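Worksheet: the structure to be examined is printed underneath.
The values are calculated or read from the model by the stated rules, or taken from the named source; none is laboratory data. Worth saying up front: this structure is predicted, and the values here are computed from it rather than measured. Neighbour counts are summed over all protein chains in view; Cβ atoms, including those assigned to glycine, are modelled from backbone coordinates with ideal geometry.
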Amino acid sequence: MNENMRAASKALAQVTLKHLRDNGFAADYFETAKDALAFLKELIPAGSSVGFGGSETLKETGILDWLGESTQYTVYDRYHTDDVKKVFHQCLDADYYLMSSNAVMVDGHLYNVDNTGNRVAALAYGPEHVIIVAGTNKLVRNIEEAVIRNEDIAAPANNIRLNRPNPCTMTGSCAHCSSPTTLCNQLVMTRRSNPAGRIHVLLINEVLGY
Ligand code: SF4
């Protein structure tokens, strides 16, 4: 990222962190994914069970590799199982749940769109500790921009990744389809963290995921 862009996105991240904290989220800033990974290694106690949602950000930050190699955690790994439905349910009862967010609003809320709903279920009423890992490319001003970001960026890219025959893969933006193969079944805004601190947002000043 260009030096001036980095400074601008850092400033925007600081404003976002304040608003997230005002809304009951724990929130921290990191210059790099490497710094965030080091923080996570200290944060999650040995012996914990850890689940995670589908996320390019978790891959790009090295978090999934770290969890995959870990011997100190019980990891509910959706990518290495014959029974993904069972893993989704185990994740709901894990000590920690890691995911990204389709958008992080500067006014201090989160926005996520899910297919099966396993990820937003864990976020809303799952593990006692939910950790959101997001690059500053996910920052948007408000719910209106969050919806647009998903429709123009996150959802088309995700549909392409999963090879879904939906209109957005042809045009690069959402056509509000009702296709049986749509990935857009649950649209969830998280306005606050309750209990306070249950949801912990790690904002990284890098372009990560989509
Ligand atoms: S609603 Fe349909 S067209 Fe819109 S992003 Fe989702 S899958 Fe694509």
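No other residue among I160, I143, I132 is among the β-branched types (V, I, T), under 18 Å from V207 (Cβ atoms) and away from the ligand (no atom under 16 Å from the Cβ) apart from I132. If you filter segment 117-136 down to residues that are assigned to a helix (DSSP H, G or I) and of a type in the set (V, I, T), you find that the one that is nearest to I148 (Cα to Cα) is T136. The condition of being exposed (fewer than 14 other Cβ atoms within 10 Å of the Cβ), acidic (D, E) and without any contact (Cβ under 8 Å) to a residue 60 or more places away in the chain does not hold for E128. Taken over segment 1-34, the criterion of being in a strand (DSSP E or B) and over 11 Å from T136 (Cα atoms) is satisfied by A26, A27, D28.
With respect to (1) farther than 27 Å from E151 by Cα; (2) more than 15 Å from the chain's Cα centre (by Cα), the lone exception for Y96 is condition (2). With respect to N205, determine if the residue is buried (at least 18 other Cβ atoms within 10 Å of the Cβ) and either among the charged types (D, E, K, R) or within 9 Å of the ligand (Cβ to nearest atom) (or both). Criteria not met by N205.
Cβ separations smaller than 6 Å between residues 6+ apart or across chains give no pair from segment 169-192 residues that are free of Cβ contacts under 8 Å to residues at least 12 places away in the same chain to residues that are more than 7 Å from the ligand (Cβ to nearest atom) and among the acidic types (D, E). The residue that is farthest from N102 (Cα to Cα), among those in segment 167-199 that are more than 7 Å from the ligand (Cβ to nearest atom) and surrounded by 20 or more Cβ atoms within 10 Å (Cβ to Cβ), is S193.
Conditions tested, residue by residue: (1) touching a Gly at 6+ places or on another chain (Cβ under 7 Å); (2) in contact (Cβ under 8 Å) with a residue 40 or more places away in the chain; (3) of a type in the set (A, V, I, L, M, F, W, C); (4) under 18 Å from A94 (Cβ atoms).
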| site | (1), (2), (3), (4) |
| --- | --- |
| A7 | no, no, yes, no |
| A11 | no, no, yes, no |
| L17 | no, yes, yes, no |
| N23 | yes, yes, no, no |
| A36 | no, yes, yes, no |
| F39 | no, yes, yes, no |
| G54 | no, yes, no, yes |
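Scoring M105 on the criteria (1) modelled with pLDDT of 95 or more; (2) surrounded by fewer than 22 Cβ atoms within 10 Å (Cβ to Cβ) leaves a single failure, condition (2). For segment 58-102, residues that are touching a Lys or Arg at 6+ places or on another chain (Cβ under 6 Å) and surrounded by fewer than 23 Cβ atoms within 10 Å (Cβ to Cβ) total 2.
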